[in-house]
Amino acid sequence: MAVRVYGGPLSGDPFTDRRRTGIGGSDTGAILGVSPFASALSVWEQKRGLVPPGATEPSERMVWGGRLEGAILSGYEEDYGRKVRKGTFRRHAEYPFVIGHPDALTDDRLIEVKTTAVLDSQWGDEGSADVPPHYYSQVQHYLILTGLPIADLVALVGGRELHVFTIPEDGPFQSALLDEEERFWRLVTDDSPPDPDGSASAGATLRRMFPRAIPEEVVATPEVAAYADAWLDARAAKDAAELEED
């Protein structure tokens with residue numbers, strides 16, 4: 001299938017350009033508003049090719065997660081006796097906006113690898129399907145993409161403990177997820193940004209999209225004027241609350 005992107009021209013980087021042709025598993029948490037790392041607006045910015053080079057460099061945590069992936073898969077093979085093979089890029093035949101590169105597969109299940117410092121309250125008992133919501137949506141996206149009925153999320157905790165969480169396909173969730181992905185992809189193709197959600201990620205995207213310094217005066221539209229009035233009201237309320245607190 002020919003590469004189709006919207007917005008800015010191709011960057012020349014195959015990985016970046018391919019990600020712009022659809023919605024990947026790691027995009028789903030942001031689209032649903034449950035990702036601690038990204039927002040729907042930042043994902044939209046990426047899909048439209050609006051991110052300047054170097055603006056979103058991978059974090060040290062992401063780099064080491066990639067470096068440790070092979071070792072974690074080897075440990076999973078040894079501990080659970082399942083032969084795994086590395087995943088490859090895929091595109092769903094019926095929903096072409098559903099794309100992704102699963103970490104690994106066995107004959108009967110998807111394997112997704114994560115690293116985390118600790119298991120906080122978002123994680124359930126080992127063997128359960130209780131994982132952070134942005135990981136759950138990512139796994140369900142990949143189950144849609146691969147057609148597999150079940151996944152093992154393999155988490156290396158603190159660099160020394162391997163925990164496995166088994167997540168079966170969730171039909172109602174997958175249906176709702178596809179609806180949200182289709183709605184979001186229309187925003188990409190129509191060049192219509194989603195509403196900012198107040199997150200730091202959305203704020204960074206807005207600052208890139210609308211720099212503070214501009215050389216000319218711009219007359220506010222009624223919508224922008226309404227936002228400005230709401231911001232002034234919010235600031236006044238904040239000042240009054242701080243005065244009351246003092």
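The values are calculated or read from the model by the stated rules, or taken from the named source; none is laboratory data. The structure displayed is predicted, hence computed values, not measured ones. Here the Cβ positions follow ideal geometry from the backbone for every residue, glycine too, while neighbour counts run over all protein chains shown. The accessibility values were calculated without ligands, DNA or RNA, using every heavy atom of the protein model including side chains. Shrake-Rupley method; radii C 1.70, N 1.55, O 1.52, S 1.80 Å.
Taking the stated definitions as given, is Thr88 at pLDDT 95 or above and polar (S, T, N, Q)?
When the stated conditions are applied, Thr88 passes them.
Listed residues Leu41, Leu73, Leu68, Leu50; which is assigned to a helix (DSSP H, G or I) and modelled with pLDDT under 95?
Unique residue meeting the criteria: Leu68.
Within the range 165-183, can one find any residue that is over 30 Å from Asp108 (Cα atoms), within 16 Å of the chain's Cα centre (by Cα) and either among the aliphatic types (A, V, I, L, M) or modelled with pLDDT of 95 or more (or both)?
Yes, because at least one residue in the range 165-183 is over 30 Å from Asp108 (Cα atoms), within 16 Å of the chain's Cα centre (by Cα) and either among the aliphatic types (A, V, I, L, M) or modelled with pLDDT of 95 or more (or both).
Looking at (1) modelled with pLDDT of 95 or more; (2) out of contact with any helix residue (DSSP H, G or I) (no Cβ under 7 Å at 6 or more places or on another chain), find the lone condition where Glu217 falls short.
(1) is the only condition that Glu217 fails.
Take the range 206-246 and flag every residue that is in contact (Cβ under 8 Å) with a residue 40 or more places away in the chain and either over 24 Å from Trp44 (Cα atoms) or open to solvent by 100 Å² or more (accessible area, probe 1.4 Å) (or both).
Correct list: empty.
If you check Gly147, Gly159, Gly171, which single one turns out to be closer than 16 Å to Gly87 by Cβ and either of a type in the set (S, T, N, Q) or loosely packed, with under 13 Cβ neighbours inside 10 Å (or both)?
Selected residue: Gly147, the only one of Gly147, Gly159, Gly171 that is closer than 16 Å to Gly87 by Cβ and either of a type in the set (S, T, N, Q) or loosely packed, with under 13 Cβ neighbours inside 10 Å (or both).
Between a first residue in the range 79-95 that is of a type in the set (Lys, Arg) and a second residue that is in a strand (DSSP E or B), which pairs have beta carbons less than 7 Å apart while being 6 or more apart in sequence or on different chains?
If the second residue must be in a strand (DSSP E or B), the pairs left are Arg85/Ala104; Arg85/Leu105; Lys86/Ala104; Arg90/Ile99; Arg90/Gly100; Arg91/Ile99.
Where residues in the range 114-144 are of a type in the set (S, T, N, Q) and outside any loop (DSSP other than H, G, I, E, B), which of them is surrounded by the most Cβ atoms within 10 Å (Cβ to Cβ)?
Ser137
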